[in-house]
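**Q** Shown below is the structure under consideration.
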Amino acid sequence: MQVLSVASECAPLVKTGGLADVVGALPGALAGQGVRMRVLLPGYPAVMGALSDAQRVGWFDDLFGGGARLVQGRAAGLDILAIDAPHLFARPGGPYIDPNGRDWPDNPERFAALSWMGAHVTVHGAGDWHPQVLHGHDWQAGLVTEYMRQMGGHRPTVLTIHNIAFNGSTDPGRVQSLRLDPWRFHTEGYEFWGSISALKAGLMGADALTTVSPSYAEELMTPQFGMGLEGVMQHRRHVLHGILNGIDDSAWNPATDPAIARYDSPEGKVAAKAALQAELGLPQAEGPLYVIVSRMTHQKGLDLVLQILPDILDQGGQLAVLGSGDPGLEHAFRQAGEDPNVSVRIGYDEPFSHRLIAGGDAILVPSRFEPCGLTQMYGLRYGTIPVVALTGGLADTVINASPAALAQAVATGVQFSPVTADALCNALSRLGALYRDRDSWSQLQRNAMAQPVGWSHSARAYADLYRSLTGAE
Ligand code: ADP
Ligand code: GLC
């Protein structure tokens with residue numbers, strides 16, 4: 001089974017969040033299921049610079065305003081197809097923003113080019129390679145089915161929704177620059193409340209839709225979480241599948257992690273905590289050390305942590321944070337970091353994220369919505385107890401320490417609802433009580449560390465889906 005994955009990020013080459021982790025992990029996870037996956041990416045400098053054995057497999061005189069090569073090669077152990085289109089992708093900054101943090105004004109065209117190329121490779125092949133299924137991710141791959149329709153060659157398509165909050169909407173005046181068929185600007189096509197929406201086009205056009213947890217699949221059909229697309233999701237519910245993300249459990253394994261003092265049992269965590277406290281200049285206090293590794297946005301609910309910080313400190317707790325994003329949140333966390341029991345690092349730092357998650361007693365993920373979430377699963381793997389909002393993938397991956405779950409010895413973390421400062425505060429009191437009871441705590445840690453969080457189950461679900469779409473056995 002040959003599958004083309006189409007995405008705007010892919011770890012470790014280019015990453016702003018969990019989307020990259022998933023896109024980078026799927027080819028390896030699917031190899032064991034008889035699926036060969038190539039990943040089509042924009043030719044950002046970081047992608048072009050990493051390619052080895054590069055070979056040109058296509059040339060396009062006018063890919064949305066300039067010449068482009070399609071290049072096949074290897075990078076980070078993955079089979080990559082890169083769109084070498086300097087007028088679109090040879091730029092400094094992130095995949096979506098310029099060095100000053102502003103969105104590139106031509107993002108709609110840049111990712112339309114990605115979608116167009118995905119459709120082209122699927123319909124016409126790349127060199128002698130012909131994918132049987134196209135698997136796109138998020139709005140950046142949403143227009144694939146519109147272009148396939150123009151090319152007159154249908155192939156099975158899957159679209160995965162990692163976050164419906166980003167729908168790739170743009171002004172209807174861009175129909176021409178996006179090279180869309182004007183007559184498709186209607187509710188069955190790419191029109192969405194008078195705008196063009198790349199995600200809407202994909203949600204209507206793809207043969208199968210998936211999202212990254214079963215709970216988010218349900219939530220997407222409600223006004224609270226559907227971000228205006230709940231009607232579309234209800235309309236397409238018969239092709240929607242919730243398939244939980246896994247984590248890369250070779251990179252995230254406390255027994256082999258080169259970034260930390262390794263351990264394979266709760267007892268071994270003691271040294272990791274002491275090392276982290278020493279690194280951060282935190283007193284070697286007895287209370288729970290809470291950690292956060294996160295984008296700082298409204299979605300992640302970190303403002304609630306700031307609200308209850310006095311309670312955390314009153315109860316003898318400590319807090320260590322790594323993140324970046326919203327300038328207001330960054331500023332507020334920097335200020336909070338002036339307390340001797342709080343450490344805040346604004347930035348992006350992969351090895352430090354490992355040391356934090358290894359050294360913390362508990363990891364806080366108080367998201368207002370969370371399609372899946374990966375850091376709570378890292379926490380489980382490292383015996384760092386997740387305290388999570390009861391939403392999306394956070395609901396699906398953590399077993400709340402209710403009296404019944406504790407009695408059955410199956411609890412792995414603490415969940416709270418609704419997503420308010422009071423409920424979070426209450427969750428931390430419950431966690432504090434468990435933490436002080438050393439037997440309960442080490443039981444909780446052992447349960448967490450034993451929880452399966454890898455890809456094997458979900459890789460099978462994707463492979464089955466591809467097979468069902470192609471009629472293969
Ligand atoms: P989202 O994709 O919504 O940001 P996820 O939990 O799915 O949330 O994925 C976030 C990923 O990005 C995780 O791999 C997490 O460790 C990583 N990450 C987030 N912020 C940072 C940071 N400041 N430094 C290092 N890694 C980070
Ligand atoms: C999105 C979601 C996150 C999910 C990730 C990978 O960024 O916000 O919940 O884990 O995609 O699917």
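**Q** If one computes P(r) from the Cα atoms of the stretch 243-314, what percent of pairs lie at distances over 17 Å?
**A** Distances greater than 17 Å cover 63 percent of the Cα pairs.
**Q** If you average the alpha carbon positions of the stretch 318-355 and of the stretch 213-242, how far apart do those two centres end up, in angstrom?
**A** What the calculation gives is 33 Å, centre to centre.
**Q** Next up: Just rank S213, S169, fewest to most, by other beta-carbon atoms within 10 angstrom.
**A** The most exposed by this proxy come first: S169, S213.
**Q** Tell me the volume per residue, in Å³, of the convex hull enclosing the alpha carbons of the stretch 277-319.
**A** Taking only Cα atoms, the stretch 277-319 has a hull volume of 73 Å³ per residue.
**Q** Taking amide H positions as placed in the peptide plane 1.01 Å from N, state which residues far from V344 in sequence (5 or more) or on other chains have amide H under 5 Å from it.
**A** V321
**Q** Per 10 Å bin, what percent of the C-alpha pairs of the chain does each bin hold, from zero upward?
**A** 4, 20, 29, 25, 15, 6, 1
**Q** Let me ask something else about it. Counting other beta carbons within 10 Å of each Cβ, put L444, L313 in order, fewest first.
**A** Arranged by neighbour count, lowest to highest, L444, L313 become L313, L444.
**Q** Using θ = phi - 60° and the Karplus relation 6.51 cos²θ - 1.76 cosθ + 1.60, list the HN-Hα couplings for the stretch 65-82 in order, rounded to whole Hz, with x at every Gly or Pro.
**A** Using θ = phi - 60°, the values come out as x, x, x, 8, 9, 9, 10, 10, x, 10, 7, 6, x, 10, 8, 10, 10, 10 Hz.
**Q** Something else now. Can you run phi through the Karplus equation (6.51, -1.76, 1.60; θ = phi - 60°) for the stretch 194-210 and list ³J(HN,Hα) in whole Hz, with x for Gly and Pro?
**A** The phi angles translate into x, 10, 8, 10, 5, 5, 4, 4, x, 5, 7, x, 5, 6, 9, 10, 10 Hz.
**Q** Can I ask one more? Enter the Cα centre distance for the pair the stretch 79-106 and the stretch 1-78, rounded to the nearest angstrom.
**A** 14 Å
**Q** Give the calculated FRET efficiency between A405 and R102 to the nearest 0.05, with a Förster radius of 51 Å applied to their Cβ-Cβ distance.
**A** The formula returns an efficiency of 0.65 here.
**Q** Mind ordering 455-465, 317-327 by average Cβ neighbours within 10 Å, highest first?
**A** 317-327, 455-465
**Q** Counting only C-alpha contacts under 8 Å and six or more residues apart, can you give the relative contact order of the stretch 266-450 as a whole percent?
**A** The normalised contact order for the stretch 266-450 reaches 22 percent.
**Q** Count of lysine pairs in the chain with Cα atoms under 25 Å apart, counting only pairs 8 or more residues apart in sequence or on different chains?
**A** Lysine pairs meeting the criterion: 4.
**Q** Take the Cα pairs of the stretch 166-304, get the Kirkwood Rh, then feed it into Stokes-Einstein at 10 °C and 1.306 mPa s and tell me D in µm²/s.
**A** Value of D from the Cα-based Kirkwood radius: 82 µm²/s.
**Q** Further question on the same structure: Against the longest alpha carbon principal axis of the chain, how many degrees, from 0 to 90 and to the nearest 10, is the axis of helix 18-31 turned?
**A** On a 0 to 90 degree scale, this one is about 70.
**Q** Could you pull the Cα extents of the stretch 266-450 along its three principal axes, largest to smallest, in whole Å?
**A** Computed over the stretch 266-450, the largest-to-smallest principal extents equal 44, 34, 30 Å.
Bear in mind these aren't lab numbers, they're just calculated from the coordinates by the rules spelled out. Remember, it's a predicted structure, so these values are computed and weren't measured experimentally. FYI the Cβ positions are ideal-geometry reconstructions off the backbone, even for glycines, and counts take in every protein chain you see.
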